[in-house]
Amino acid sequence: MNTFSARVRAVGSSFASEPIVAMIAFILLCGPPLTLIAEVIGIYELGPPEVFEEGIRLPLHLEFTADANEELVFYAVDVSASDGVFTTDGTDYSRFEYEQDIGFLTSFEQIPGTGFGRGELRKAIEFDTVTDPLLPGRYRLGELRLDMVGIESAALPASVSIEAFGSTVGVQESADPTTFDFVAVNFSPGSVLVPEPTSSFLAWFGALAALRWYRCQRRLRILTRHFPFHPHT
């Protein structure tokens, strides 16, 4: 399989640390066309959503259904298909965070230059490994988090979605990095609707505000205990 990623893995080029978008742009401008395995052998599953202190977290699972001689060495999560209220209309993805599961994914490292933030190229986060690839199976990859602070209720409902071009996986034949290629994935589901305010949703926001107020008051008491305030007379 003649792909740019296969070549950079084989020769150790510094381009291997660049985001997937930059790699694809390089291929289109300077190299042969990118080949993509036609068979879909990966299914991303996003959710169900869970409430946490500052927003919503969404578990991410992968069903990897490749042949026995194929292994997964790369995966990426792209949130650019999410509604504009969460991305400032596609200009700022810093409301999103991703935490990779520990354990069997310890060898997967975040590729430098990827991650959620401001700007077009900060819409995806990517991981790869050269030591411990994944064999076919079902895996919990990690958890996508969305900061809901400052989101007005009138802007909801709105969708969090990873059904974007950059959400993909990379596979190779067993222990042969020269066969690396990107693989199409399906989503089941790849989009989750954050609901409009209801009594339970408003109760959650109220509880969140109360928790923050309590923590603020507690920190204030600790500070005044250690640094008592003595006004000038």
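The values are calculated or read from the model by the stated rules, or taken from the named source; none is laboratory data. Please read these numbers as outputs of a predicted model, since none were measured by experiment. Glycine gets a Cβ as well: all are built from the backbone with ideal geometry, and neighbour counts include every protein chain shown.
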**Message:** What's the number of the only condition in (1) within 15 Å of the chain's Cα centre (by Cα); (2) crowded, with 19+ Cβ neighbours inside 10 Å that Asp92 fails to meet?
**Reply:** (2)
**Prompt:** Among (1) more than 11 Å from the chain's Cα centre (by Cα); (2) surrounded by fewer than 21 Cβ atoms within 10 Å (Cβ to Cβ), where does Phe86 come up short?
**Reply:** (2)
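Rundown of residues vs (1) in contact with a strand residue (DSSP E or B) (Cβ under 6 Å, 6 or more places away or on another chain); (2) modelled with pLDDT of 95 or more; (3) crowded, with 16+ Cβ neighbours inside 10 Å, yes/no style:
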residue: Thr168; (1), (2), (3): yes, yes, yes
residue: Asn186; (1), (2), (3): yes, yes, no
residue: Ser191; (1), (2), (3): yes, yes, no
residue: Pro197; (1), (2), (3): no, no, no
residue: Leu202; (1), (2), (3): no, no, no
residue: Leu208; (1), (2), (3): no, no, yes
residue: Leu211; (1), (2), (3): no, no, no
**All positions within the range 156-187 that are part of a loop (DSSP other than H, G, I, E, B), over 15 Å from Leu58 (Cβ atoms) and within 18 Å of the chain's Cα centre (by Cα)** = Phe165, Gly166
**Asked** With Leu134, Leu121 as the choices, which residue is buried (at least 20 other Cβ atoms within 10 Å of the Cβ) and touching a residue at least 60 places away in the same chain (Cβ under 8 Å)?
**Response** Leu134
**Item:** Flag if Ile151 is among the β-branched types (Val, Ile, Thr), modelled with pLDDT under 95 and not assigned by TED's automatic domain parsing to the domain that holds Tyr44
**Value:** no
**Message:** What's the number of the only condition in (1) surrounded by 14 or more Cβ atoms within 10 Å (Cβ to Cβ); (2) at pLDDT below 95 that Thr106 fails to meet?
**Reply:** (1)
**Request:** Could you check, for the range 147-155, whether at least one of its residues is within 20 Å of the chain's Cα centre (by Cα), surrounded by fewer than 18 Cβ atoms within 10 Å (Cβ to Cβ) and in a strand (DSSP E or B)?
**Result:** yes
**Item:** Positions within the range 124-139 being farther than 17 Å from Leu46 by Cα and under 16 Å from the mean Cα position of the chain (by Cα), in sequence order
**Value:** Phe127, Asp128
